[in-house]
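See structure below.
The values are calculated or read from the model by the stated rules, or taken from the named source; none is laboratory data. Fair warning: this is a prediction, and the values are worked out from it, not measured in the lab. Note: ideal-geometry Cβ built from the backbone for every residue, glycine included; neighbour counts use all protein chains shown. What goes into the accessible areas is simple: the full protein's heavy atoms, side chains included, and nothing from ligands, DNA or RNA. Shrake-Rupley method; radii C 1.70, N 1.55, O 1.52, S 1.80 Å.
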Amino acid sequence: MDYINSTPAADGFRMPAEFERHQGCIMIWPERPGSWAYGAKAAKKAFAQIASVISESEQVYMIVSEGRKEEAAKILKLEKTDEVLVVIFRVIPNNDEGKFADKQRKELEIAEKMFLHLLQKDYVIHNTNQIINQGTRFAPYQIVIGIIGIAALIELTRRCVGLPILFVAGFFLIYALAVGLTNPAFWGRVKFLVRNLFYTKEGIFSTPVNVCSKYIVVFIIFGAFLERTGISNFFIQLANCIAGKYAGGPAKVAVISSALCGMVSGSSVGNTVTTGSVTIPMMKDTGYKPEFAGAVEAASSTGGQIMPPIMGAAAFLMADFVGVPYSNIIVRAILPALLYFTGIFISVHLEAKKLGLSGIPKEKLPVFKLLIRKIYLLLPLVMLVIWVSGNYMTMQKAASYAIVLSVIVSLFDKENRISVTKCIDALEAGGRGVISVAVACGVAGIISGSITMTGLANDLINGIISVANGKLIIALLLTMLCCIVLGMGVPTTANYCIMAATCAPILVRMGVPTLAAHFFVFYFGIVADITPPVALAAYAGSAIAKANPMKTAFTASKLAIAVFIVPYVFCFNPAMLLIDTTPLKVVQIFITSLIGVFGLSSSLEGFLSVKMSVPVRVLMAAGGLMLIDPSLMTDVVGILLIVGCCVWQTAQKKKTA
């Protein structure tokens, strides 16, 4: 790297020529890297320069606010005035009304503008060859750029995703700097950490971000277009036609509509708010308690993340991690998803019978003959699955065609016709969704990178295997606890990335098939959305139902009992995931699992034909748990216990009649 041909300043500093003036900010670095004395001088000078950057940013902000792009470009010395659009985006104030005082918001805006100047020209992209060729020899100014980039990602995450995932990332970063890395010098540990997280494919720019840019982006935009065709309302109305007239109809509508909406949404909180705003008031009006109504919607919406084909965008990540086609993932996810929603459906039915609730009056139900005319709304989704599963085209091309098809089918419905305005709105909504997912993927890269470079993943794997002592059930229980704790408050995509890096290898080492291991950790990472104390979906449902959040979370966990059972089933018997099996074996495992879910759901509900006594509830639960094991003996005993309890309940009902 060439240096400025001039006499070094009195303070002993000089800088690379290409960084003499980088986007209005002079980058300086110590002549002797690693020297704390020179580092202190560099920091002092850097802060003076950053102050000038902030002052310059304030000028840009004022000019951009007045719409004078050319003057802003002149100040920033940008090559194209169109680049100011990036500035406009970045200097938009942080509109977190009620969360931060004006002074705090102003400080955050200034910080954003500083990040803009320091990283405006995409340093990593424009200096790729240099970064690759220099190996591990990174100058202090490069480490500073990396730190600023990581800090910018953290701030974006706070705004777009929330604090829980930052607590997890902060823990692993602190662990890496304080304990995990072995370099005795603190600056050496910082340099190693930043280099791996920011300049390699083992950190921020690892598999999650790569998959997000290749697949997830276009599918999120497709989901935004599909929602504007009115498909969510169609799903709710269809669910009303199917189950609305039966006992506890609104709750069953919530289960079915959430399952259907989850096929295109994949966000537990978003799904809860979308369908819950309709179904939760209906459930309360029917007679369900507010806590139960919010819990039904939260549990059902969380299941949307395991419902093919989108699966909260984790299906794309899983395909990349496991190395199998995306079509294989969505096909193998069907049976477990059906069992999950069947378990919730059984629980809400038994609750309705226990409370003596009726369904929705027939006159308030939609007319099926009129509703079925809108069946064409499913065409984009059906064609997407056909194109992808049949390997007719790439996933990106299939999603792009599905977007065009969504616009075409919307033309047949005057109320939901996608006009130019709606098209722009869909692109905006898709872009906003992409931001949240991409930021979460970046932070997931920080977490997985910190775990990998410190060897913490190996320590965790070896520790659990040692405690399990060859017992798979113990390893599964400990892995489940790790997944629930690490997944609290973390978005689906980031959640799965963390689980895949830390927990899935444990089960693979214990002999569980790779795909089954990844499904196991994915399921228990997702269940954190309804598991106290950080149950985001349950809290969203409780807000709509005006119920106690913690009671809603516990009730949702009880309703979602299937998600605590099904993963054990496909780890003990991978036939559930269509792995090395026959059709007859698949039917057998599905039926026995369904009976087991029925036994556990009715036991937790405490009602079948009449109210259950404690011994009967214990026997029903025992029978359900025994059906987890695929052996013939446990299946026979479990079925006999459940059938016996059902016969006893029927006899008790006849006595009280």
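Figures for the structure shown
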quantity: Test: Ile474 is modelled with pLDDT of 85 or more and either surrounded by 15 or more Cβ atoms within 10 Å (Cβ to Cβ) or in a helix (DSSP H, G or I) (or both); calculated: yes
quantity: Given (1) over 19 Å from Ser267 (Cα atoms); (2) in a helix (DSSP H, G or I), index of the condition Val563 fails; calculated: (1)
quantity: Lone unmet requirement of (1) closer than 30 Å to Leu153 by Cβ; (2) touching an Asp or Glu at 6+ places or on another chain (Cβ under 7 Å); (3) among the hydroxyl-bearing types (Ser, Thr, Tyr) for Thr555; calculated: (1)
quantity: Filter result for the condition that a residue is open to solvent by less than 10 Å² (accessible area, probe 1.4 Å) and either of a type in the set (S, T, N, Q) or at pLDDT below 85 (or both), over Ala314, Ala295; calculated: Ala314
quantity: Selected residue (criterion: nearest to Leu193 (Cα to Cα)) from residues of segment 131-146 that are of a type in the set (S, T, N, Q) and surrounded by 12 or more Cβ atoms within 10 Å (Cβ to Cβ); calculated: Gln142
quantity: The listed residue being farther than 28 Å from Phe172 by Cα, in contact (Cβ under 8 Å) with a residue 60 or more places away in the chain and of a type outside the set (A, V, I, L, M), out of Lys546, Lys585; calculated: Lys546
quantity: Test for Thr592: is it within 35 Å of the chain's Cα centre (by Cα), on the phi < 0 side of the Ramachandran plot and not in a helix (DSSP H, G or I); calculated: no
quantity: All positions within segment 110-128 that are more than 17 Å from Gly203 (Cβ to Cβ) and either at pLDDT 75 or above or open to solvent by less than 20 Å² (accessible area, probe 1.4 Å) (or both); calculated: Lys113, Leu116, His117, Leu118
quantity: Identity of the residue in segment 550-585, surrounded by 21 or more Cβ atoms within 10 Å (Cβ to Cβ) and more than 26 Å from the chain's Cα centre (by Cα), that ends up nearest to Arg509 (Cα to Cα); calculated: Asn573
quantity: Hits in segment 416-435 (condition: open to solvent by 40 Å² or more (accessible area, probe 1.4 Å), closer than 26 Å to Gly203 by Cβ and touching a residue at least 12 places away in the same chain (Cβ under 8 Å)); calculated: Ile435
quantity: Residue count, segment 549-582 (criterion: within 30 Å of Pro290 (Cα to Cα) and free of Cβ contacts under 8 Å to residues at least 12 places away in the same chain); calculated: 0
quantity: Candidate set: segment 195-210, residues that are among the hydrophobic types (A, V, I, L, M, F, W, C) and open to solvent by 10 Å² or more (accessible area, probe 1.4 Å); chosen: the one farthest from Ile132 (Cα to Cα); calculated: Val209
quantity: Selection within segment 280-291 - surrounded by fewer than 24 Cβ atoms within 10 Å (Cβ to Cβ), of a type outside the set (D, E, K, R) and in a helix (DSSP H, G or I); calculated: Pro281, Met282, Thr286, Pro290
quantity: Failed criterion for Gly430 (all others in (1) of a type in the set (Gly, Ala, Ser); (2) closer than 28 Å to Gly249 by Cα; (3) in a helix (DSSP H, G or I) hold); calculated: (2)
quantity: Sole residue being assigned to a loop (DSSP other than H, G, I, E, B), of a type outside the set (A, V, I, L, M) and within 16 Å of the chain's Cα centre (by Cα), chosen from Gly135, Gly162; calculated: Gly162
quantity: Matching residues in segment 184-228 - criterion: being within 16 Å of the chain's Cα centre (by Cα) and among the small types (Gly, Ala, Ser); calculated: Ser213, Gly223
quantity: Test: residue in segment 506-524 that is touching a residue at least 40 places away in the same chain (Cβ under 8 Å), open to solvent by 10 Å² or more (accessible area, probe 1.4 Å), within 17 Å of Thr207 (Cα to Cα) and aliphatic (A, V, I, L, M); calculated: no
quantity: Filter result (of a type in the set (Lys, Arg) and in contact with a helix residue (DSSP H, G or I) (Cβ under 9 Å, 6 or more places away or on another chain)) within segment 612-657; calculated: Arg617
quantity: Pair list, Cβ under 8 Å, 6 or more apart: segment 594-612 residue free of Cβ contacts under 8 Å to residues at least 24 places away in the same chain, other residue open to solvent by less than 30 Å² (accessible area, probe 1.4 Å) and part of a helix (DSSP H, G or I); calculated: Ser603/Met620; Ser603/Ala621; Ser603/Gly624
quantity: Members of segment 450-471 that are assigned to a helix (DSSP H, G or I) and either in contact (Cβ under 8 Å) with a residue 60 or more places away in the chain or surrounded by fewer than 15 Cβ atoms within 10 Å (Cβ to Cβ) (or both); calculated: Ser450, Ile451, Thr452, Met453, Thr454, Leu456, Asn458, Asp459, Asn462, Gly463, Ser466, Val467
quantity: Wholly within segment 188-255, helices (runs of 4 or more DSSP H) carrying at least 3 residues that are among the small types (Gly, Ala, Ser); calculated: 231-243
quantity: Residue within segment 488-498 that is among the small types (Gly, Ala, Ser), surrounded by fewer than 24 Cβ atoms within 10 Å (Cβ to Cβ) and in contact (Cβ under 8 Å) with a residue 60 or more places away in the chain present; calculated: yes
quantity: Odd one out for Thr531, checked against (1) open to solvent by less than 10 Å² (accessible area, probe 1.4 Å); (2) assigned to a loop (DSSP other than H, G, I, E, B); calculated: (1)
quantity: Search result, residues across segment 243-264 that are among the hydroxyl-bearing types (Ser, Thr, Tyr) and surrounded by fewer than 24 Cβ atoms within 10 Å (Cβ to Cβ); calculated: Tyr246
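Yes or no, residue by residue, for (1) basic (Lys, Arg); (2) part of a helix (DSSP H, G or I); (3) touching a Gly at 6+ places or on another chain (Cβ under 6 Å); (4) crowded, with 18+ Cβ neighbours inside 10 Å:
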residue	(1), (2), (3), (4)
Gly596	no, yes, yes, yes
Ser602	no, yes, no, yes
Gly638	no, yes, yes, yes
Val643	no, yes, no, no
